[in-house]
1. Over what distance in Å are the Cα centres of the stretch A:31-68 and the stretch B:46-107 separated?
2. So, counting K/R as plus one and D/E as minus one, what does the shell of residues with Cβ under 12 Å around A:Ala97 add up to?
3. Residues of A:72-81, mean number of Cβ from any other protein chain within 10 Å of their own Cβ, rounded to a whole number?
4. Please identify the GluC sites (Glu not before Pro) of the stretch B:29-64 that satisfy two criteria: DSSP loop assignment and at most 16 other Cβ atoms within 10 Å. Which are they?
5. For the stretch B:9-78, rounded, prolate or oblate, judged on the Cα gyration tensor with a ≥ b ≥ c (square roots of eigenvalues), a/c < 1.5 rounded, else prolate if a/b > b/c?
6. Could you work out the Kirkwood radius for the protein assembly as shown, taking every pair of different alpha carbons, averaging 1/r and inverting it, reported in Å?
7. Put the label 7 Å from Cα along Cα→Cβ for A:Glu89; what are its distances to the other copies, in nanometres, shortest first?
8. Give the accessible area for B:Tyr59 in Å² (nearest 10); use a 1.4 Å probe, count only protein heavy atoms, and leave out ligands, DNA and RNA.
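The values are calculated or read from the model by the stated rules, or taken from the named source; none is laboratory data. This one's a predicted model, so the numbers in the text were calculated from it and none came from an experiment. Because the Cβ atoms are built from the backbone with ideal geometry, glycine has one as well, and the counts that use them run over all protein chains shown. The protein model used for the area step is the full one, side chains on, heavy atoms only, and it has no ligands, DNA or RNA in it. Shrake-Rupley method; radii C 1.70, N 1.55, O 1.52, S 1.80 Å.
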Number of protein chains: 2
Amino acid sequence: MSLARLDNKWTAMVVIALGRCGALRFGGLRATVEGISAKVLTETLRDLERDGLVARHEYAEMPPRVEYELTDLGRTLHVPLQALGRWAEEHAAEVLAAREAYDAGCR
Amino acid sequence: MSLARLDNKWTAMVVIALGRCGALRFGGLRATVEGISAKVLTETLRDLERDGLVARHEYAEMPPRVEYELTDLGRTLHVPLQALGRWAEEHAAEVLAAREAYDAGCR
């Protein structure tokens, strides 16, 4: 699989959200992962379930309740992804400053 | 920047290659990053230079020599990216097995 699937921003953000919050419903995930559409979240969850990274739990209640959470394998991925997310947060300003300088012709 | 630019497999692989090998020429990078085309490598290096993650060194020799290496900022990114790359290598078999089971209808 090389880095495939990992090179998807939404995949990373859903794994980070579930790692941080534990089990979440679809609506909770949509609220946590800023900017994700229902369509993309549905596809992302199906891909993650298929890859064995996320488990889908259906509770036979009224109304029915469905929750998503990381599997053991998904939790092992959460660690490096979270480190990468933290890097992006910490260094965003430096990267943007470098871009501005580059675009201004400063090499 | 959220996770943008990081959600690019080639970006990740070029940063990992430079972090592992130190300064490399274009040809050396192409040989190290399996499967990358000259066009994509050119674009990736320009993006990384623009983001302040890679420095381009031109040596006034005959024939001229150009080398690429990580900046200090790029080296801080190398650590979490390498951890992610290692995860992908270590868990690829598990992910593929999960996919097969899912596609066979096992839920």
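1. Value for the Cα centre distance between the two parts: 29 Å.
2. -2
3. Counting other chains' Cβ atoms within 10 Å and averaging over A:72-81 gives 4.
4. Answer in residue order: B:Glu34, B:Glu61.
5. Because a/c hits 1.5 or more and a/b fails to exceed b/c, the stretch B:9-78 counts as oblate.
6. 18.8
7. 2.9
8. Here the residue's solvent-accessible area equals roughly 80 Å².
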